[in-house]
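Heads up: the structure comes next, in structure tokens.
The values are calculated or read from the model by the stated rules, or taken from the named source; none is laboratory data. None of the values given here were measured: they were computed from a predicted structure. No Cβ is skipped: glycine too gets one built from the backbone with ideal geometry, and neighbour counts run over all protein chains shown. Heavy atoms of the whole protein, side chains included, go into the accessibility calculation; ligands, DNA and RNA do not. Shrake-Rupley method; radii C 1.70, N 1.55, O 1.52, S 1.80 Å.
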Amino acid sequence: MSTDDADRIRLALDDPHGLCDALGLLGGHRGTTWQMQARGVMIRCPWHDEKTPSCSVTRTRDGVLAKCFSCGANADGLGLIAASQRMDIATDYADVLDLGADLAGVARPERRSLDARPAPARQIVRRGAPVEVERAPDDGT
């Protein structure tokens, strides 16, 4: 995964109403109180419990932007996904990207397994004759 993957997904999340609807923020357990806005919707904030909508979700040139006028929380579309699903954007980043890609209808980022990476070769730079570097043995797994 790279920042290019996140940017691609972030830009594809460009429909505030559709995103909020897909995340269950227009109804369901949070109630049905929401309002249309010129560039998006006003919803109940996913970061705090409230009875009336205070979180504006709008379309920007960079995708969706959510801003709560009550608690001050703000995030892009990926942050809104994380908050609405009770995920931590830092620790669950790959899962947030996967869900964002699914919601946006774009390809998921390729995950690279840590086990699939080759063992790094350590080389000490010395003055004089070159020294051969030993690599970790390949055990075939």
Verdict on residue 62 being surrounded by 12 or more Cβ atoms within 10 Å (Cβ to Cβ), under 30 Å from residue 35 (Cβ atoms), at pLDDT below 90 and among the charged types (D, E, K, R): yes
Selected residue (only one of 121, 136, 75, 38 is modelled with pLDDT of 90 or more and small (Gly, Ala, Ser)): 75
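Give region 9-48 a look and list any residue that's farther than 22 Å from residue 96 by Cα and open to solvent by 50 Å² or more (accessible area, probe 1.4 Å), or say none.
Those that are farther than 22 Å from residue 96 by Cα and open to solvent by 50 Å² or more (accessible area, probe 1.4 Å): 32, 33, 34, 35, 36, 37, 38, 39.
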